[in-house]
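Participant: Once you've had a glance at the structure underneath, I'll fire off some questions.
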Amino acid sequence: MKELTAAVQSSSVAEGDDIRLTCVSGCPTPVDTVWFKDGQPVRNEVFVARREDTGRYHCAVRGQEWVRSAPVAVNVLYPPDRVTLTISSPGNVVRGSSVVLTCHSDASPPPDHSGRYHCQAWNNISSRGVDHFNSSAVLQVYYVPENISITINPAHVVWGSSVTLTCSSDANPPADTYIWYRNTNSSSSNGLQVGSGQVLSISSMEALHSGLYLCQARNQVGGKNSTEVLLAMVDEEQRGSQTLPAVVGIGLALIVALVVALFCSAGGKKGAFIRRRLMNPTSYTATSKGQTPLCQTSLAIRSPPLSLRHP
């Protein structure tokens, strides 16, 4: 039996619309299949969506239920329902005291608390539907910036090129202040401040610009830092320039060793030669054939600089 594939017309469907389940098999002949929702059998492949139909569905071969497809998710959307109102202080409320009214509802997706709220007032003198006084107000839910991220463009930066770092965030109201830091701990803003604004631009990339960057986004509610991102250079020409001082340094070291060997041999007996200590490969000793030490020197080979800048 080849693999089964479960599919639905849409993973999100409004309550009252049709849900159509389709099971596709790799067999050339038709296969009798059955459906399951969260492990429970489903009678029909096409049915009217209800809120309780939200779940994960998979199909299987009838009589061989262990041959099953990967599950697909179905989310049934419906408007707010079962709205209830609760009062923080049950019973009687003394005039002048505070009271909190909380509204609860069942909905998919959950209702957004931001929006326009309406209030209607009447008393026992008012007629039903008449003399009702209405008022409305807009509620905005504010929160500090979150989901802060940094985008580097271009992704691969070479020596002397321009690069921009862009900071984005989700906030209400939108973030109005952005501050950039380099080589700092993301839990604080005590590092080196290198710029401000949503976009940080570097016109000509140099070694001093490399490092860890973070941005801090702020609005009137507060501020939060992004995670650090690494800005580094990738430069083939620069890597090639590093090879030159390495070769020159090794060549000079070999010349010095040769001069030392010739000098020691000239000052000793005929047939003198140089030995290098195995325990210390940078130490050399000139000896005669009779094992008489003539002279000794140490040779230090230093690594080249990490970068070579041309004027």
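The values are calculated or read from the model by the stated rules, or taken from the named source; none is laboratory data. Just so it is clear, the structure is predicted and the values come from calculations on it, not from any experiment. Cβ: placed from backbone, ideal geometry, glycine included. Neighbour counts: every protein chain shown.
Participant: Cβ-Cβ under 7 Å, sequence separation 6+ or interchain: first residue in the stretch 148-163 and assigned by TED's automatic domain parsing to the domain that holds GLN198 and farther than 21 Å from TYR178 by Cα, partner charged (D, E, K, R) and modelled with pLDDT of 90 or more. Which pairs?
Facilitator: none
Participant: Would you call ILE152 exposed (fewer than 13 other Cβ atoms within 10 Å of the Cβ) and modelled with pLDDT under 95?
Facilitator: No.
Participant: Quickly run through the stretch 79-112 and pick out the residues that are touching a residue at least 24 places away in the same chain (Cβ under 8 Å) and at positive phi.
Facilitator: Of everything in the stretch 79-112, just one residue is touching a residue at least 24 places away in the same chain (Cβ under 8 Å) and at positive phi, namely ARG82.
Participant: Checking the structure you have, find out if any residue of the stretch 29-39 is in contact with a Pro (Cβ under 9 Å, 6 or more places away or on another chain), over 23 Å from TYR117 (Cβ atoms) and β-branched (Val, Ile, Thr).
Facilitator: yes
Participant: Something else: Taking the stated definitions as given, is TYR178 touching a strand residue (DSSP E or B) at 6+ places or on another chain (Cβ under 8 Å), modelled with pLDDT under 90 and surrounded by 10 or more Cβ atoms within 10 Å (Cβ to Cβ)? Explain how you work it out, then say what you get.
Facilitator: Values: touching a strand residue (DSSP E or B) at 6+ places or on another chain (Cβ under 8 Å): yes; modelled with pLDDT under 90: no; surrounded by 10 or more Cβ atoms within 10 Å (Cβ to Cβ): yes.
Taking the combined requirement at face value, the residue does not satisfy it.
Participant: Follow-up question, since we're still on this one. Return a yes/no flag: does the stretch 7-29 have any residue that is within 35 Å of the chain's Cα centre (by Cα), of a type outside the set (Phe, Trp, Tyr), assigned to a strand (DSSP E or B) and more than 28 Å from ASP106 (Cβ to Cβ).
Facilitator: Yes: one or more hits.
Participant: Considering only the stretch 16-48, state which residues are surrounded by 17 or more Cβ atoms within 10 Å (Cβ to Cβ) and within 24 Å of PRO80 (Cα to Cα).
Facilitator: ILE19
Participant: It is to be established whether one or more residues within the stretch 53-65 are β-branched (Val, Ile, Thr) and surrounded by fewer than 10 Cβ atoms within 10 Å (Cβ to Cβ). Before you say what the answer is, go through the steps one by one.
Facilitator: Here is the first cut: in the stretch 53-65, the residues β-branched (Val, Ile, Thr) are 54, 61.
From the residues that got through so far, the ones that are surrounded by fewer than 10 Cβ atoms within 10 Å (Cβ to Cβ) too are none.
No - not one qualifying residue is present in the stretch 53-65.
Participant: Kindly check whether there is at least one residue in the stretch 67-81 that is aliphatic (A, V, I, L, M), over 37 Å from the mean Cα position of the chain (by Cα), at pLDDT below 90 and under 25 Å from SER108 (Cβ atoms).
Facilitator: We begin by selecting, within the stretch 67-81, every residue aliphatic (A, V, I, L, M); these are 67, 70, 72-74, 76-77.
Checking the rest, the ones that are also over 37 Å from the mean Cα position of the chain (by Cα) come to 67.
Still in the running and at pLDDT below 90: 67.
Imposing the further condition that a residue be under 25 Å from SER108 (Cβ atoms) reduces the set to none.
No, there is no match, as no residue in the stretch 67-81 is aliphatic (A, V, I, L, M), over 37 Å from the mean Cα position of the chain (by Cα), at pLDDT below 90 and under 25 Å from SER108 (Cβ atoms).
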